[in-house]
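Here is the structure we will look at, set down as structure tokens.
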Amino acid sequence: MTFFIRNCVAGLWFNRLRSTLTGIGVLVGVASVVLIMALSDALIATIDDEDVTSCQIALMSSAEADADVLDAMSSPDIVARLQGVAQRTDVASFAPEAQRHIVEVSLPTGVSIGSMVVNFTDSVPVIAGEPFTRATGDVVIMRPNPDFSNVTIGDQIVINGQFFQVIGTTDSHGMTPDTKLFLPERMSSLVDVDQLSTTGTHLLIGQQGFPFSEVRQSVIDQLNDGIDPDMKFFDMSAEMASGLRDALGTIQMVLGAIASVSLAVAALNIVNTMYIASLERVDEIAVLKSMGMTRVQVMALFLLESVLLVTIFALLGALIGNLCAALILTYADIPMAFSWMALATLVPVIVLVGAGGGFYPAHRAAKIDPVRLLR
Amino acid sequence: MIRLADVGKVYRGRNFEVTALDGISLDIPPGQFVSLVGKSGSGKSSLLKILGLVDFDHSGRYWLDGSTYHGARDTEVARARKCIGYVFQDFRLIGRHTIWKNLQMAAVIREGHVDVEEIRACLDRVDLADKALSYPDELSGGQKQRAAVGRAIVGRPRLLIADEPTGSLDQATATQIMSLLTDLHTELGCTLVLVTHDMDIAMQAERVVELRQGRIHDDFLH
Ligand SMILES: Nc1ncnc2c1ncn2[C@@H]1O[C@H](COP(=O)(O)OP(=O)(O)OP(=O)(O)O)[C@@H](O)[C@H]1O
Ligand SMILES: [Mg+2]
């Protein structure tokens, strides 16, 4: 057996230019397939990140106009629902984490209070005053709002009979011209939320290691329980993620198909190369057969040579493809998701390409009849 | 060892039909040295191909060691071929392999393993130990034929077939090859069937068979 393998290596080495050129075809094909798989797997993995601790819950109405959704958001039923859920035990289990977060209270001309929970440190750049300290009653004001333009750091303000100390100010950011107050989430129940923000989404934030996905689902279920059948709360983050995942999946398939074409071309190249090799060795095979080599052995010799050629260059291609992917992903700051599954499917594909490409030439070689060639 | 009964061979093409052998019946006991002589086109090579289990497309019957391989399975034919050493006029060494590798291939095919000592002995026997790592192209005609003979005796074949092994060599080299073959015949105790045009060489054999137009014209021991 080792002799056979060495013989195959010798055969490939003897035609090293041709073997290399054919091999490069395999290499490019495999490298591109691997590259595309590795890239899209890594992207999908970032979407599927299990460590997610927040999501956006949105209300969807079957009514066509956006205005209907906005109306629905402020309808008493929905408001009651959001308030109700916010006080349920499931959501209360967010409480320890909630200390790190604040409730954003939107204050348009009238006083309306949103239920949006935002991560203070991330989303509220305090430009003056102290950073948010989690101290009871601390608030940060986002300017400008005529009602609060004269409020300065250190002032006490009253919202719905509740005292807050202004510890910082922040500039208007994002798209809302509204003035906003930022206060600890656990304070939100103290604020009389009689008019919820018309923002369509509500951010739910969980703690690291918290069974977030389960609670998220139970919150959505509670919100949807017995709601007007025209309306539905849904997890927008999950919807977006699955939409993105689908899109990436499609891109992966299309690019994968294109890359597979180059792999198929490489396989045809193998057929060609091995066929020429079999033609070149007609005399040799005739002699070997006259010495007692069986058809099966001749066939094995050629198949082995072809599989060897494909395997060597395919492994190189897989290596190069992965390296390129790693480079690109490092550049894009996305963690590399090395897919053992992809490798596990690649190996049989490689052997199949090698054996498939070598089969016809090997078959031809095995059928060579020494009688025509010996004199 | 060899028994031919009414063997005939006809080459058929689109617009020709040549009877190369016609009613050949021949018995060769084991260990005999037979020269096959005859004019060009008398059917010597055709007969050797049948003896060497290379050509099965013939009429009549052929038994090698009591078995007939007409229509036999590939593996059985291959097994029988392993006992036959074939020496060709044009050497038929594998050009991309060294002489050593050429002999090694024969060992792998015939014996299923490589016995380094045996290959060395075969090379020594044909006096080519120093050329083991040369390629066939780097050898002279005589050396090539010696290498081919060395390859033929790997695995101690019981039947050695040589079709004009000296046909493309000069007189001195031819004599050298011939004495090598006759010596090997006695050393190995194998049956040797040799085709030659040279009557002097033919007369070294125990038995001379002359073909004429595909028939045995003369068959004598001496
Ligand atoms: N492959 C073939 N196709 C057609 N005819 C053939 C073939 N091989 C041999 N013949 C014919 O068969 C006859 C016998 O040929 P063969 O080669 O056996 O002769 P030979 O005795 O070996 O001659 P030589 O001494 O020239 O080698 C010849 O007439 C030849 O033309
Ligand atoms: Mg001849």
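Take the conditions in contact (Cβ under 8 Å) with a residue 60 or more places away in the chain and either more than 13 Å from ligand 2 (Cβ to nearest atom) or facing chain A (nearest Cβ under 10 Å) (or both) and apply them to B:Phe56. Does it pass?
Spelling it out, it is not the case that B:Phe56 is in contact (Cβ under 8 Å) with a residue 60 or more places away in the chain and either more than 13 Å from ligand 2 (Cβ to nearest atom) or facing chain A (nearest Cβ under 10 Å) (or both).
Among (1) part of a helix (DSSP H, G or I); (2) away from chain B (no Cβ under 14 Å), there is one condition A:Pro335 misses while meeting the rest; what is its number?
(1)
Pick from segment A:19-47 the residues that are surrounded by fewer than 17 Cβ atoms within 10 Å (Cβ to Cβ) and within 16 Å of A:Ser306 (Cα to Cα): which of them is farthest from the other protein chains (Cβ to nearest Cβ)?
It comes out as A:Ile24.
When segment B:150-166 is examined, which residues are found to be modelled with pLDDT of 90 or more and either closer than 16 Å to B:Ile109 by Cα or among the hydroxyl-bearing types (Ser, Thr, Tyr) (or both)?
Within segment B:150-166, B:Gly150, B:Arg151, B:Ala152, B:Ile153, B:Val154, B:Gly155, B:Arg156, B:Pro157, B:Arg158 meet the criteria.
Go over the candidates B:Ile50, B:Ile84, B:Ile28 one by one and state the one that is closer than 22 Å to B:Arg207 by Cβ, away from ligand 1 (no atom under 16 Å from the Cβ), within 14 Å of another protein chain (Cβ to nearest Cβ) and touching a residue at least 40 places away in the same chain (Cβ under 8 Å).
None of the other options fit; the residue is B:Ile84.
Just to be sure before I move on: is B:Leu169 at pLDDT 90 or above and within 20 Å of B:Leu36 (Cα to Cα) in the structure I sent?
Criteria not met by B:Leu169.
Restricting attention to segment B:181-218, which residues are modelled with pLDDT of 90 or more, more than 16 Å from ligand 1 (Cβ to nearest atom) and outside any loop (DSSP other than H, G, I, E, B)?
B:Leu181, B:Thr182, B:Asp183, B:Leu184, B:His185, B:Thr186, B:Glu187, B:Leu188, B:Thr191, B:Leu192, B:Arg207
Considering every residue within segment A:269-284, establish whether at least one is within 14 Å of chain B (Cβ to nearest Cβ), in contact with a Leu (Cβ under 8 Å, 6 or more places away or on another chain), surrounded by fewer than 19 Cβ atoms within 10 Å (Cβ to Cβ) and part of a helix (DSSP H, G or I).
Taking every residue of segment A:269-284 in turn, at least one turns out to be within 14 Å of chain B (Cβ to nearest Cβ), in contact with a Leu (Cβ under 8 Å, 6 or more places away or on another chain), surrounded by fewer than 19 Cβ atoms within 10 Å (Cβ to Cβ) and part of a helix (DSSP H, G or I).
Looking only at residues that are among the hydroxyl-bearing types (Ser, Thr, Tyr) and more than 8 Å from chain A (Cβ to nearest Cβ) in segment B:59-81, which one is farthest from ligand 2 (Cβ to nearest atom)?
Across segment B:59-81, the extreme among qualifying residues is B:Ser67.
Which condition number in (1) in a helix (DSSP H, G or I); (2) surrounded by 23 or more Cβ atoms within 10 Å (Cβ to Cβ) is the one that B:Pro165 fails?
Against the list (1) in a helix (DSSP H, G or I); (2) surrounded by 23 or more Cβ atoms within 10 Å (Cβ to Cβ), B:Pro165 comes up short only on (1).
When you look at A:Ala342, is it away from every other protein chain (no Cβ under 12 Å) and at pLDDT below 90, yes or no?
yes
Can you name the residue in segment B:43-53 that is more than 9 Å from ligand 2 (Cβ to nearest atom) and under 11 Å from B:Ala20 (Cβ atoms) and is also surrounded by the most Cβ atoms within 10 Å (Cβ to Cβ) among such residues?
B:Leu47
Would you point out the residue of segment B:149-198, among those that are within 14 Å of chain A (Cβ to nearest Cβ) and within 16 Å of ligand 2 (Cβ to nearest atom), that is farthest from B:Lys101 (Cα to Cα)?
B:Val195
Criterion first (surrounded by fewer than 18 Cβ atoms within 10 Å (Cβ to Cβ) and more than 15 Å from ligand 1 (Cβ to nearest atom)) does B:Asp57 satisfy it?
Taking the combined requirement at face value, the residue does not satisfy it.
Go through (1) in contact with a helix residue (DSSP H, G or I) (Cβ under 8 Å, 6 or more places away or on another chain); (2) within 14 Å of chain A (Cβ to nearest Cβ); (3) within 16 Å of ligand 1 (Cβ to nearest atom); (4) closer than 25 Å to B:Gly141 by Cα for B:Ala20 and report which single condition fails.
(4)
As an exercise: evaluate B:Cys122 against (1) over 23 Å from B:Ser45 (Cβ atoms); (2) within 11 Å of chain A (Cβ to nearest Cβ) and give the number of the one condition it does not meet.
So the condition that B:Cys122 fails would be (2).
What are the residue pairs meeting all of these: first residue in segment B:200-215, first residue over 8 Å from B:Ser35 (Cβ atoms), second residue among the basic types (Lys, Arg), Cβ atoms under 9 Å, and 6 or more apart or on different chains?
B:Leu211/B:Lys39; B:Leu211/B:Lys44; B:Arg212/B:Lys39; B:Gln213/B:Lys39; B:Gly214/B:Lys9
Among the residues of segment B:137-146, is there at least one that is at pLDDT below 90, more than 8 Å from chain A (Cβ to nearest Cβ) and not in a helix (DSSP H, G or I)?
There is no residue in segment B:137-146 that is at pLDDT below 90, more than 8 Å from chain A (Cβ to nearest Cβ) and not in a helix (DSSP H, G or I).
The values are calculated or read from the model by the stated rules, or taken from the named source; none is laboratory data. Computed from a predicted structure; not experimentally measured. Cβ atoms come from the backbone with ideal geometry, glycine included; neighbour counts cover every protein chain shown.
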